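To start, the structure itself, in structure tokens.
Computed from the coordinates by the stated procedures, all read-outs in this text should not be read as laboratory data. Since the structure is predicted, the reported quantities are computational estimates derived from the model, not experimental observations. Quick reminder, even Gly has a Cβ in these numbers, built from the backbone with ideal geometry, and neighbours come from all protein chains shown.
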Amino acid sequence: MVNYSDKPQLAQDLNETNDCFVRALALSANISYNESHGIAEELFNRKTGEGTENAESTIRSKKGRNYFQHRNIQLEDVNHTYVRRDKKVHALNIRGFYNRYGKGSYLVLVNKHALAIVDGVIQDWENAKKHIGRTVEAAYRVKNNRQLSIFA
């Protein structure tokens, strides 16, 4: 699997910035940076050098679900909350999410940032320690069913 700890060559060639969602999607779905970049442009109307806005609502929309299903990529919503002793529901931070969901591939959205957790490794290229305490706004278990269809 590709590790995007260094800026991908294609991102450098495109003079790309603010591409954390593109990288996180590529890692969690095990697809190329180029394919992920195309998805972000087509489905999320992402412009080069700008972040991916409204990712959560677009993924949850019928259009988003159909788009990923058509490409044999499954994004399953994951519970990212817990109940404290005071009986109030709170969202997990990245550390808590990682501890709960160590196995598998996950696309994790926090405020104005996205990262991937793949088989127990946090893939975050902006210094993971900086984001470890941030609150998870949405999280998806990602399965690339294209790999499975070869043997079907």
Here the FRET efficiency for Q69 versus E137, based on Cβ atoms and R0 = 25 Å and rounded to 0.05, is 0.65
Reduced to Cα centres, the span from segment 16-46 to segment 58-80 in Å works out to 14
Viscosity 0.890 mPa s, 25 °C: Kirkwood-radius Stokes-Einstein D of segment 9-149 over Cα pairs, µm²/s:
159
Can you quote the Å³ per residue value for the convex hull of the Cα atoms in segment 24-95, rounded to an integer?
122
For segment 97-109, take each phi angle, set θ = phi - 60°, evaluate the Karplus expression 6.51 cos²θ - 1.76 cosθ + 1.60, and give the result in whole Hz per residue in order, putting x for glycine and proline.
5, 4, 5, 7, 10, x, 9, x, 10, 10, 9, 10, 10
